[in-house]
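Asker: First the structure, then my questions, so here it is.
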Amino acid sequence: MAAENDPQNNHKLDRRGTKCSVFISQEKPNASQPVIFNPDFFVERLRHEHPQAFADLVLSNITRLIDLPGDEFAQLTGESEPRVPSSSGFLRSLNFLKRKDKGVVFGAPLTEEGIAQIYQLIEYLSKNLHVEGLFRVPGHSLRQAALREMLNAGAEIDLETGDFHPNDAATLLKAYLGELPEPLLTHRHYHAHLKIGELTRFDDKGDKTNVPDKERQIEAFRLLFMLLPPVNRSLLKLLLDLLYHTARNQHINKMSAINLATMFAPHIIWPKNVMASDLQGNIEKLNNGIAFLIRHSQKLFKAPVYIKEYARLYFTGSQSLQSKDDLTLCSGTKDGPIAAVTAAPPSPFMRSTVSEGSSTCTTRSSETQNYTESALRELYQQVNNMPESAKKKKLIRQFEKEPLLTPSADSRTPFSRKHWRSRSLGGIIKRKVLGSQVLTEKENSRLQSSLCSGSIDGQGAENASCEGD
């Protein structure tokens, strides 16, 4: 009772209530302000709800950028076992014996629980980037053994007490990555990493140069990282972010991106149980590739714009149409956003139904179509401006052979541009991903065109609707 009559407590309660009411009032929706949400929401939804469609979509764009032979492509998709360089049986058995006494963290497969324990090291190291020779100078063996035991036991460790040195944590982080049963970047992606590192620019004559094409490399890595298992992708992002900020402090710690790559490449991308001599001259390529990932880490974990747009249309395109009862024109299905439209001529009743939803259909697809048309026109113009050569003739023939690659195609999506070096694979994947969608869009376009041109007198509202699409 005394507490209830205390004016000071009443004052606190009044203030708390005022704050609560203000907070609630701010939560009220405001139509004039845009709703902020995760820009990759639809991409992640596509990944979880339609994993095969997601994988096929990403793979079709990877083969547009890099040339993967059939065997390497099958390894990337998981259809065949990864074939990576291997070492002698003695080294393999030695590593097996070292991993026999594995704990819940070190030597165990990558899990969210393991990442949570290792994140304690990452967080501690991010506060000690000033240490000279970080990740290069080894820590104290006894302190490392004690820290390893605590992490394996799932303990929450206060690393700020001074009992451990940043070099202890840095050495243990490398040890954890090196003892994973499979490299963080996975055996399946090994050959793709080598191919991405070979992407270079073309000169005015269409010949390859030695200048790396950074834009295409970043795009390819974005796509490749989308195929990583979620736990690998999570830890990779944390690790690259740490190394990026370490390299930014190289004027203090003397650890540049290439120095860090030399330290970490054997632990995150080298195939397991190999020695340097087993990599057949690929060590420099692998080191340079990891250095590239460190330098551009802030750009590598965002889905490309065209992937976001496809994923958005995959879900929102059909839902808005269904809300207008346009199932006869563009019906939603389980396997994709748009189902095939019947080829039969529309009846007068169907004309009126179509005219009501044509604006919605065209609005949904106009942005994607405009993007594709402009990209194809630009590509076609670049090919035409190339000096006369056998390569130019080959490219021109490819455009003429593939109607979906020409700027005059009736209907396209950003994913129908097939890479001429991976023609057969690209075609197979494209058909798997798109299914009947391309045919559907063509039929929609022809159907709307016929409705607009075939309108009879007295149907001015229908004509206006078609002209406004």
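Read-outs: derived from the displayed coordinates by stated rules, not from any lab. All values reported here derive from a predicted model rather than from experimental measurement. So basically every Cβ, Gly included, is an ideal-geometry build from the backbone, and we count neighbours across all protein chains shown.
Asker: If one computes the Cα centroid of the stretch 259-308 and of the stretch 171-185, what distance in Å separates the two points?
Answerer: Each part's Cα centre sits 14 Å from the other's.
Asker: Here's something else I'd like to know. Using the alpha carbons of the stretch 199-318, what is the convex hull volume per residue in cubic angstrom, as a whole number? Provide the component values of the computation, followed by the final result.
Answerer: Numbers: hull volume 19.1 nm³, N = 120.
So the per-residue Cα hull volume is 159 Å³.
Asker: Still on this structure: Can you give the Kirkwood hydrodynamic radius of the stretch 148-192 from its Cα pairs, in Å with one decimal? Mind dumping the intermediate values first?
Answerer: Numbers: mean 1/r = 0.0794 Å⁻¹.
In the stretch 148-192 this quantity evaluates to 12.6 Å.
Asker: State, to one decimal in nm, how far the label point of Leu194 lies from the label point of Ile115, with both points 7 Å from Cα in the Cβ direction.
Answerer: Between Leu194 and Ile115, the simple spin-label model gives 2.9 nm.
Asker: Right, here's the next one. How far apart, in nm, are two points set 7 Å out from the Cα along the Cα-to-Cβ line at Glu79 and at Phe41?
Answerer: 3.6
Asker: Continuing with this model, one more query. Between Val211 and Gln382, what is 0.36 nm times their sequence separation minus the Cα-Cα distance? Round to one decimal in nm. Mind dumping the intermediate values first?
Answerer: Numbers: separation 171, 0.36 × 171 = 61.56 nm, distance 1.90 nm.
Length gained, Val211 through Gln382: 59.7 nm.
Asker: Within the stretch 239-262, find all residues whose amide N lies under 11 Å from a label point positioned 7 Å from the Cα of Val137 along Cα-to-beta-carbon.
Answerer: Within reach of a label on Val137: 253-254.
Asker: Whose amide H sits under 5 Å from the amide H of Arg201, counting only residues 5 or more places off or on another chain, with H placed in the peptide plane?
Answerer: Answer set, sorted by chain and number: Thr209, Val211, Asp213.
Asker: Per the Debye formula with a single identical scatterer at each Cα and no solvent contribution, what log10 I(q)/I(0) holds for the stretch 121-272 at q = 0.09 Å⁻¹?
Answerer: Listed by q, the Debye log ratios stand at -0.35.
Asker: How much of the calculated P(r) for the stretch 145-228 lies past 19 Å, in percent of all Cα pairs?
Answerer: Values: 2105 of 3486 pairs.
That fraction is 60 percent.
Asker: Also, I was wondering about something else. Which value, to two decimals, describes the C-alpha radius of gyration of the stretch 257-313 once divided by 2.2 N^0.38 Å? Please report the intermediate quantities before stating the final value.
Answerer: Values: Rg = 15.5 Å, N = 57, 2.2 N^0.38 = 10.2 Å.
With N residues counted in the stretch 257-313, Rg over 2.2 N^0.38 Å equals 1.51.
Asker: Still on this structure, please answer the following. Per residue, how big is the convex hull around the C-alpha atoms of the stretch 116-182? Give it to me in cubic angstrom, could you? The partial results should precede the final answer.
Answerer: On the way: hull volume 6.0 nm³, N = 67.
Looking at the stretch 116-182, the number lands at 90 Å³ per residue.
Asker: Starting from 0 in steps of 5 Å, tell me what percent of the Cα-Cα pairs of the stretch 218-269 lands in each bin.
Answerer: All Cα pairs considered, the percentages come to 4, 18, 22, 25, 19, 8, 3, 0.
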